[in-house]
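Notes follow once the structure below has been shown.
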Amino acid sequence: MNRVRKAVTLIAAAVLASGSATISACAPQPSDVGLLKADGVTRVSVQTADYSGQLEAFTTSARKLGATLLADGGDGANGNVVSSPASLLIALSMLRAGASGATAAEMDAVLGLPAEGRDEGMNALLASLEKYDGDPGAVDEANPPRKPVMHAANGLFVDKGVPTGEGYLGTLARHYGTGVYPVSFQDEAVTKPAIDQWVSKNTGGRIKEAPAKYMTDNTFSLLNALYFAAAWQTPFDANDTTDQPFTKAGGEVIQVPTMHLGTNMAYAEAPGWKAVDLPYAEGFVMRFVLPDGGTPGSEGPAAVSPEVLSDAAARLGRAAQDMVQISLPKWDHKTTFDLRKVFETLGLKETLATDTDFDVIQQGMKLTQAAQAANITVAEKGTIASAVTQINAKDSAALIPDREIVLDHPFHYQILHVETGMPLFAGWVADPR
């Protein structure tokens, strides 16, 4: 294996201009933390239509990741879980760009990544979201925007005392739009605030700190952030929000604020579940999959398997628009995950254990931490959601409805990008309170 040990030649980006990652200019900034970009490397322009096969593979992978995250549950309270399969997939794809040997083969097999055009396909996915990009800090979250804001950011912090592979950084710049922040992890007083500022800026302040605990012996921290804000195509009338019963797993009935709306949307059902796509004003839908209540296996997220999600996606994709009456509880949830546990569940054993297969990134690099934080607020006007995935390492060296769906017991939801079908966020509502 050709090991890249030479430190990459870097130049300062003009005025730290980067669409993917900057540190807030409003906050005090350490003078030695600035965004750098690979010399002479620019983002490759791609067309989404040229990578349909790769995008389909990514969507299938994201469904698997979403199911694993929801089954893990993180630290979600009362059985509620919110996660970002897309954020985790993007972060793992960035890590895969620097993997080799058995680890590369394992990641491809476990994640179902495309055999060819992996990085180009991820570039196409990111490019398809960019027309909705905006500044999370400028969003009035009390009045979600009619044109959705879907902000995706990739960031990389590396120890400036440790050589990082030139080829790896070039790939991230070329396909992920990612520069690099050279820092000293030993200097926690400077580096931790810089990473936290990046997280807060790219999530509109909804997540204020990086999800993984800061460790001074790390030499590599890779991050992806997603922020979503959008108004419903047809808003719910707050005057119609009333306390309604919601039956929790186990049979306990609670009263929760529930919104009501009759509108046209795609509807599908099959033995064991029913589903709808509730549209935002443009470009995205919130998909609800409601397992039949009171049947064996309907008590938790596992009731909605990747196979059920795939079936629901296919049926909803063919469904005509029907007038559907929806009763939907409001909720405001957050979850954090120890992703090392999730990786173990997935079967990424080599990925966690190797200290040689990431040499293309840093000589002797070994993963130390992986974490995700996600949150979501769903109310009458729309939805606000954000997530951050972090992977750390160190070198070793009103009409009569035709249909009805009443979400009055635990249910699955996703926020989907319509063009690609990518599940940006996924969750399970066990108790809307």
Positive-end residue, the chain charge dipole about Cα centroid, Cβ charges, pick of ALA99, ALA67, HIS417: ALA99
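Under the rule a/c < 1.5 gives rounded, and otherwise a/b versus b/c splits prolate from oblate, where does the stretch 162-229 land using the Cα gyration tensor?
Values: a/c = 2.50, a/b = 1.11, b/c = 2.25.
Verdict is oblate for the stretch 162-229.
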In 5 Å bins starting at zero, report the fraction of Cα pairs in the stretch 284-398 per bin as a rounded %. 2, 8, 11, 13, 17, 15, 10, 9, 7, 4, 2, 1, 0, 0
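Shape call for the stretch 243-288 from the C-alpha gyration tensor, a ≥ b ≥ c root eigenvalues: rounded (a/c under 1.5), prolate (a/b greater than b/c) or oblate? Can you show the working numbers first?
Working: a/c = 2.72, a/b = 1.51, b/c = 1.80.
Since a/c reaches 1.5 but b/c is at least a/b, the shape of the stretch 243-288 is classed as oblate.
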Per DSSP H run of at least 4 residues, take -39500 (n - 2.57); add these up for the chain, divide by its residues and hand me the 222 nm value, nearest 500 deg cm²/dmol. -7500 deg cm²/dmol
Reported label for calculated mean projected area of the Cα convex hull in nm² given (i) 20.0; (ii) 31.4; (iii) 18.0: (i)
Identify all lysines with a Cα-Cα distance to LYS349 below 20 Å; exclude those on the same chain that are fewer than 8 residues away in sequence. LYS64, LYS341, LYS366, LYS394
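Let me know the charge dipole size of the chain about its Cα centre in debye, to the nearest 20, where only the beta-carbon of Lys, Arg (+1) and Asp, Glu (-1) is charged. Walk me through the intermediate numbers first.
Values: 34 positive and 49 negative charges, 137 e Å.
Result for the chain is approximately 660 debye, rounded to the nearest 20.
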Classified through the alpha carbon gyration tensor (a ≥ b ≥ c as square roots of its eigenvalues; rounded if a/c is under 1.5, else prolate when a/b is larger than b/c, else oblate), the stretch 300-348 comes out oblate
What the 5 Å binned alpha carbon P(r) of the stretch 375-433 shows, as percent of pairs per bin from 0, is 4, 10, 16, 19, 18, 13, 7, 5, 4, 2, 1, 1, 1, 0
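Read the figures in this text as sums done on the coordinates, not as results from a lab. Source: prediction; values computed, not measured. Neighbour counts run over all protein chains shown; Cβ positions are idealised from the backbone, glycine included.
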